[in-house]
Amino acid sequence: MRYRMFNTITASVSCGVYATKDEAIKEANAIKGFLKRLCDKKGYNITAKIGVSINNAKCGEITAEQTGKRGRPRKVFAPNGNANRMSVASDPHIHIWVEGEGASSVIKSLSEHLNRKYKKQVVWHKNCDSYVENAKHYLDKQCIATRQLNTCMDRAC
């Protein structure tokens with residue numbers, strides 16, 4: 001058996017694929033299920049984070065709204081100085097961050113699956129081993145809804 005390399009890879013599903021935020025969230029849930037089934041079948045140990053974004057990255061970031069009430073604070077978009085010069089909203093799109101043994105194989109399978117599903121090139125991915133923390137922070141500050149998967153915890157590692 002070949003040794004599986006530990007990689008960190010980010011992928012994005014382009015704008016214009018999903019018409020609404022709810023449709024993109026539904027796809028993020030489907031991606032999480034796809035990754036879980038693939039990892040169970042092939043024995044990959046990964047940690048993944050899937051996020052849905054509807055904002056332009058250059059115009060601000062997502063923050064928690066403090067209302068003083070009980071419960072989890074709502075996520076809201078806080079614009080910065082560039083919000084006046086360009087459009088804040090963009091079409092819904094998905095950011096994916098995968099880390100672990102077999103991450104490149106997982107992203108390759110996911111890319112093939114989504115490209116086949118939409119009958120065009122919709123997924124772009126790149127290795128981000130040199131800037132892992134920046135990639136995590138970017139996903140956290142841009143995404144209005146996130147889904148997490150840790151296959152190492154789901155099985156006895």
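The values are calculated or read from the model by the stated rules, or taken from the named source; none is laboratory data. Keep in mind it's a predicted model, so treat the numbers as computed, not measured. Positions of Cβ are generated from backbone atoms using ideal geometry, with glycine treated the same way; all protein chains shown enter the neighbour counts. In case anyone asks, the SASA skips ligands and DNA or RNA and just uses the protein heavy atoms, side chains included. Shrake-Rupley method; radii C 1.70, N 1.55, O 1.52, S 1.80 Å.
Counting Lys and Arg as +1 and Asp and Glu as -1 over every other residue whose Cβ lies under 13 Å from the Cβ of ALA19, the net charge comes to -2.
For LYS136, the aspartates and glutamates whose Cα comes closer than 15 Å to its Cα, not counting residues fewer than 8 places off in the same chain, are GLU61, GLU99. The angle separating the long axis of helix 132-142 from the principal Cα axis of greatest extent in the chain is about 40 degrees.
Rg/Rh, computed from the Cα trace of segment 67-129 with Rh as the Kirkwood radius, has the value 1.13.
Result for the chain in a Gaussian network model with C-alpha springs under 10 Å: among GLY102, GLY81, GLY60, the largest mean-square fluctuation is at GLY81. The angle between the Cα long axis of helix 103-118 and the main principal axis of the chain comes to about 70°, on a 0 to 90 degree scale. With all protein chains in place and ligands, DNA and RNA left out, the 1.4 Å accessible area ranks ARG70, ARG116 as ARG70, ARG116, largest first. The fraction of accessible area contributed by carbon and sulfur in segment 1-113 is 49 percent, rounded to a whole number (1.4 Å probe; ligands and nucleic acids excluded).
Taking R0 as 25 Å, what's the FRET efficiency between LYS69 and SER12 from their Cβ-Cβ distance, rounded to 0.05?
Values: r = 34 Å, r/R0 = 1.37.
Calculated value: 0.15.
Taking the chain as a Gaussian network, Cα atoms linked when under 10 Å apart, which of ALA89, ALA103, ALA145 shows the biggest mean-square fluctuation? Maximum fluctuation in the GNM of the chain, among the listed residues, is at ALA89.
For LYS69, the lysines whose Cα comes closer than 24 Å to its Cα, not counting residues fewer than 8 places off in the same chain, are LYS141.
Rolling a 1.4 Å probe over the protein heavy atoms gives segment 1-61 an accessible area of 53 Å² per residue.
Within the listed set LYS21, LYS126, LYS41, the residue fluctuating most in the Gaussian network model of the chain (springs between alpha-carbon atoms under 10 angstrom) is LYS41. Computed over every Cα-Cα pair of the chain and binned at 10 Å starting from 0, the pair-distance distribution P(r) comes out as 10, 37, 34, 15, 3, 0 percent. Cross-link check: pairs LYS32/LYS119; LYS58/LYS108; LYS41/LYS108 evaluated at a Cα-Cα cut-off of 26 Å; pairs beyond the cut-off: LYS58/LYS108. Extents of segment 1-71, largest first, come to 53, 33, 24 Å (Cα atoms, principal axes, whole angstrom).
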